[in-house]
Every structure is written in C-alpha cells, then in structure tokens.
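**Q** Got a structure for you, written out below as structure tokens; questions coming shortly.
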Amino acid sequence: MCEAHDANDSIRDCRDRFDLPEHTIYLDGNSLGALPRRTPVRINELLRNEWGESLIKSWNKHDWAAFPQRVSLKLARLLGASASEVIIADSTSVNIFKLLAGALVLSDVETRRIIVSERGNFPTDLYMVEGVNAMLGGKYTLRLVEAEEVEAALDHDVAVALVTQVDYRTGRQHNMAHLNTRASQTGTHIIWDLSHSAGAIPLELAGDGAEMAVGCGYKYFNGGPGAPAFVYLAKALQSNFATPLSGWFGHQSPFAFSGTYVPAAGIERLLCGTPPVIALAALECGIDTFDGVTMDAIGKKSRALSELFMALMRQECGNYHLEFVSPAAENARGSHVSYAHEHAYAIMQALIDRGVIGDFRPPNLLRFGFAPLYTRFVDCYDAVIQLHDVMANEEWKAEKYQTRNRVT
Ligand SMILES: *Cc1c(COP(=O)(O)O)cnc(C)c1O
C-alpha cells in the first residue's frame, strides 16, 4: 500500500536531491533538514574558486555582497511573499529581536504596554521578549496565554503579539489570515515565527495580511546546521521601520563608509553585518531543493504522510499508551505529530538505535516530522513497525537509554 503511495507521489524524485544515509529513516527534518547532494560540491567550489582563488576580489567578481538578496529572491516564492519583503539575515532569535524592538517603536507606548505570546511558545521567543523589555526599562508586560486564547487576547492595549504559527511540540497550527484580521482591527502588530511551518506548508504571507515574520534556514529549508534565518516585513511598514541593530550592511550605501547611519530604503535595512557567504551558499543549495516544486504539492504530501503515519500508529502501536497530542484535523496541524509517553526519552533513544530518527521534546513527547521533499510513505510504515518492536520488546528499558544527552 505504501509502495503504491510512493509510486503515485508527484514529487518522489526530489528525494534524489539529497544525500541520505542508508538504513536510516529520518523523521527529524523539522529540526535539521537533510544534506542536499549539491551542497558539498558547491561549498568546495566556493572555497577553492571563489575564496581561495579570487580572495577579496570575489566580493565583486562573484557578487558576494548581494548574496542575501539573491537567495531571498528564491525563498520569497516559498513564503508567498514578494522578494522586496524578505531578506535572509542573522538567526531567528536575532530577527525576533529586531522585529520586536522595531514593532514596539511603531506602537504607542502610552496606550499599549502588553506583549502577548503563548505559554508554550519556543523558549527563545519568550527569552527575546524578556531581553528587549529589560532593555526598554521593563515598560512592557508579557501576557502569556494558551493557543486557543491568542485571538481573544489581541486587544487595544496589546502592542505586539509574538505568535509561532506551528507549535514546536504539538504541531498545532494557527490560522494566519484569521489572526491577522483580528490584529488589524485592534492595531496590534503580529510577529509570526514560521520556524516549523515555512517549507512544509503553503504560506501566503502577503495575501494573508502578515506584517512581520521570521523563520529558520536549517529546518525545512535544508540550509545546514546554524544556517542563516529569514525576516519578512510588509512593504507598507518598511519606510518607518527602525531596526535596533543598525549595522553597516543595512545602511543605504555601506561602502560610502559614511559617519552616520542612514537606513537602506527597503527590506535591506534589516541586514546588519557582513553576510555569512559560505553559510548562504549552503542555504541556497537547500532552497534549490524546492526547484520546480509548488508549495501546494509539498503541503498535500505533508498531510498525506502525517495521516498515514497516524493511521499506522493507531493500528500497530495502539496498545502502548502512546497518547496522540497533536490536533486531529489535518488543516489544524503543521508537518509533525507528537505522542506523549512517560518514558518518551528512552523510547526515542531505542528507536534511534534501530535507525529511525525522530526526537524527544520535554516533558514527555516523541516527535516525528515529515519533510515532504525526501520522506517516503514506506518510511512512515517502517518507522511505525520499528516503534512497535521497541514497545513490544520493551527495548527502551535498557540502562543505556536512561541518561540524557546534552542535545536532545
Ligand atoms: C527552531 C526554532 C527557533 C530557533 O531559533 P534560532 O535562533 O535559530 O536558534 C526559534 N523559534 C522557533 C519556534 C523554533 O522552532
């Protein structure tokens, strides 16, 4: 049955764009995307022919200075944004800092002292709010709510809401257009964190009225560990937007070496320092793995993979107290699903030893991500069977699976 699904999969050939290890089923592309085949070739070429051979001349000869813009152009299509509204820069955490500080400056500090976010949001998002608020003298109050309370929490006293579209634990997905409409009625700026949605589900940032967004390059975009992130700022907000990180690459003309900061006219003002050329080349290879593929096809396959995995889990692992904690409705989920179990950490370690890589998220979750470009339907089947065996044989009880590694 799964073989038939794979045979009918219109994007099955995309798997050949990746260099995946044999005998491994990788269900963690939502945390670190797989290695594209082209990346080592391209990086080697860049190192030898560009950096090694042409040295500093490469900034012009190979137009390194416009690298972020070139790669952003390719990325914009996958976000449903125009190229003038997206720029690749820094990390997701740093981009949250830039947008948050800039959005607070745009808001009326006399009447809006609340920042809204979700209690279960990814920690760095909440930490960045703390840092920005401390820097601004602690004027703001962080109001943490549950996912289903976000809409009601958007009020006229809320300056900014920092909303992660797809929850990193449960995969729960917010309706972006809906929340944006509510925010525009109350004059609240929403900063969307797209780390677990971009590259896995179709996005229409412009069409859905998004003002600001950030997301990762190393998850579904396959840019490699620590790849640069992206930041989106709607055209209408750009000319008044002040980044707190007013670095020289965001200057109107960096190479004038002028003594005063004048921001670039558009999205480029969100650049800060010298672009990470090697990392950008790797990210470009990652984004190129989407060549010729529509996000619609990606989204359809993501849902089909998740639904199949869930059905197989009910069928094969229904007796092992693995509690499904993701939303049941397919349009309410991103591209990963999670199951709670008291011994989730040990179970995942045992499963990884059997060649099935998912991950563990505290306090008690087994998480499985489906990267549509390279995950096959047979992988879902094989993964569930391996998990069944881990549970049936109680393999997770072995001593070696009980101590936690530094990175989980
Ligand atoms: C992965 C992830 C991040 C990571 O931020 P970095 O700055 O790249 O470490 C941030 N937010 C969310 C929601 C994530 O899932």
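**Q** Taking region 107-121 as the region of interest, how many residues are of a type in the set (D, E, K, R) and outside any loop (DSSP other than H, G, I, E, B)? Explain how you work it out, then say what you get.
**A** Looking only at region 107-121, we keep the residues that are of a type in the set (D, E, K, R), and these are 108, 110, 112-113, 118-119.
The next check asks that each one be outside any loop (DSSP other than H, G, I, E, B); those that pass are 118.
So the count comes out to 1.
**Q** May I ask you to say which residue of Glu118, Glu148, Glu110 is outside the structural domain of Asn30 (by TED's automatic domain parsing), away from the ligand (no atom under 16 Å from the Cβ) and within 25 Å of Phe370 (Cα to Cα)?
**A** Exactly one residue qualifies, and that residue is Glu148.
**Q** Hey, among the residues in region 283-339 that are open to solvent by 50 Å² or more (accessible area, probe 1.4 Å) and of a type in the set (S, T, N, Q), which one's nearest to Val166 (Cα to Cα)?
**A** Asn331
**Q** For region 149-169, does any single residue satisfy the condition of being out of contact with any Ser or Thr (no Cβ under 6 Å at 6 or more places or on another chain), hydrophobic (A, V, I, L, M, F, W, C) and over 30 Å from Ala329 (Cβ atoms)?
**A** So far as region 149-169 goes, no, none of its residues is out of contact with any Ser or Thr (no Cβ under 6 Å at 6 or more places or on another chain), hydrophobic (A, V, I, L, M, F, W, C) and over 30 Å from Ala329 (Cβ atoms).
**Q** Within the bounds of region 164-172, is there any residue that is closer than 23 Å to Arg269 by Cβ and either part of a strand (DSSP E or B) or open to solvent by less than 10 Å² (accessible area, probe 1.4 Å) (or both)?
**A** no
**Q** Those residues that are without any contact (Cβ under 8 Å) to a residue 60 or more places away in the chain and open to solvent by 10 Å² or more (accessible area, probe 1.4 Å), I need them from region 361-385; list them, please. Even if it seems obvious, please write down each step before you answer.
**A** First, pick out the residues of region 361-385 that are without any contact (Cβ under 8 Å) to a residue 60 or more places away in the chain: 362-364, 366.
Correct list: Pro362, Pro363, Asn364.
**Q** Inspect all residues belonging to region 73-91 and state whether any of them is in contact with a strand residue (DSSP E or B) (Cβ under 7 Å, 6 or more places away or on another chain) and in a loop (DSSP other than H, G, I, E, B). Quick ask: steps written out before the conclusion?
**A** As a first pass, look at region 73-91 and keep what is in contact with a strand residue (DSSP E or B) (Cβ under 7 Å, 6 or more places away or on another chain): 75-76, 79, 81, 85-89.
From the residues that got through so far, the ones that are in a loop (DSSP other than H, G, I, E, B) too are 81, 89.
Yes, region 73-91 contains a residue that is in contact with a strand residue (DSSP E or B) (Cβ under 7 Å, 6 or more places away or on another chain) and in a loop (DSSP other than H, G, I, E, B).
**Q** Out of Thr141, Thr164, I need the residue that is within 13 Å of the ligand (Cβ to nearest atom), modelled with pLDDT of 95 or more and hydroxyl-bearing (Ser, Thr, Tyr). Which one?
**A** The match here is Thr164.
**Q** All but one of (1) open to solvent by less than 60 Å² (accessible area, probe 1.4 Å); (2) more than 16 Å from the ligand (Cβ to nearest atom); (3) of a type outside the set (Gly, Ala, Ser); (4) under 16 Å from the mean Cα position of the chain (by Cα) hold for Glu204; state the number of the condition that does not hold.
**A** (1)
**Q** For region 251-262, check the following and say yes or no: at least one residue is touching a Leu at 6+ places or on another chain (Cβ under 6 Å), of a type in the set (Phe, Trp, Tyr) and open to solvent by 10 Å² or more (accessible area, probe 1.4 Å).
**A** Within region 251-262 (the criterion being touching a Leu at 6+ places or on another chain (Cβ under 6 Å), of a type in the set (Phe, Trp, Tyr) and open to solvent by 10 Å² or more (accessible area, probe 1.4 Å)), the answer is no, since none of the residues qualifies.
**Q** Would you check which residues across region 61-100 are within 16 Å of the ligand (Cβ to nearest atom), small (Gly, Ala, Ser) and crowded, with 21+ Cβ neighbours inside 10 Å and list them?
**A** Ala89 - this is the single residue of region 61-100 that is within 16 Å of the ligand (Cβ to nearest atom), small (Gly, Ala, Ser) and crowded, with 21+ Cβ neighbours inside 10 Å.
**Q** Can you say whether Leu245 is within 15 Å of Thr92 (Cα to Cα) and away from the ligand (no atom under 16 Å from the Cβ), as far as the supplied structure shows? Steps first, please.
**A** Details: within 15 Å of Thr92 (Cα to Cα): yes; away from the ligand (no atom under 16 Å from the Cβ): no.
In short, no.
**Q** Could I ask something else about it? Testing Ala161 on (1) of a type in the set (Gly, Ala, Ser); (2) open to solvent by 40 Å² or more (accessible area, probe 1.4 Å); (3) outside any loop (DSSP other than H, G, I, E, B), one condition comes back false. Which one is that?
**A** Only one criterion is unmet by Ala161, namely (2).
**Q** Right, next: What is the one condition in (1) within 24 Å of Lys219 (Cα to Cα); (2) surrounded by fewer than 13 Cβ atoms within 10 Å (Cβ to Cβ) that Ala4 does not satisfy?
**A** That leaves (1) as the condition not met.
**Q** When you scan region 340-360, do you find a residue that is open to solvent by 40 Å² or more (accessible area, probe 1.4 Å) and at pLDDT below 95, even just one?
**A** No - not one qualifying residue is present in region 340-360.
**Q** I would also like to ask the following. Would you call Leu35 under 26 Å from Leu194 (Cβ atoms), at pLDDT 95 or above and either surrounded by fewer than 22 Cβ atoms within 10 Å (Cβ to Cβ) or not assigned by TED's automatic domain parsing to the domain that holds Gly138 (or both)?
**A** yes
**Q** A further question on this structure: Of all residues in region 211-242, which are within 16 Å of the ligand (Cβ to nearest atom), open to solvent by less than 50 Å² (accessible area, probe 1.4 Å) and assigned to a loop (DSSP other than H, G, I, E, B)?
**A** The answer is Cys216, Gly217, Lys219, Tyr220, Phe221, Asn222, Gly223, Gly224, Ala227, Pro228, Ala229.
**Q** From the list Ala200, Ala206, Ala227, which one is over 17 Å from Phe290 (Cβ atoms) and in the same structural domain as Val105 (by TED's automatic domain parsing)?
**A** Just one listed residue meets the conditions, Ala206.
The values are calculated or read from the model by the stated rules, or taken from the named source; none is laboratory data. Values in this document were obtained by computation on a predicted structure and should not be read as measured data. Methodologically, a virtual Cβ is constructed for each residue, glycine included, from the backbone with ideal geometry; neighbour enumeration extends over all protein chains shown. The accessibility values were calculated without ligands, DNA or RNA, using every heavy atom of the protein model including side chains. Shrake-Rupley method; radii C 1.70, N 1.55, O 1.52, S 1.80 Å.
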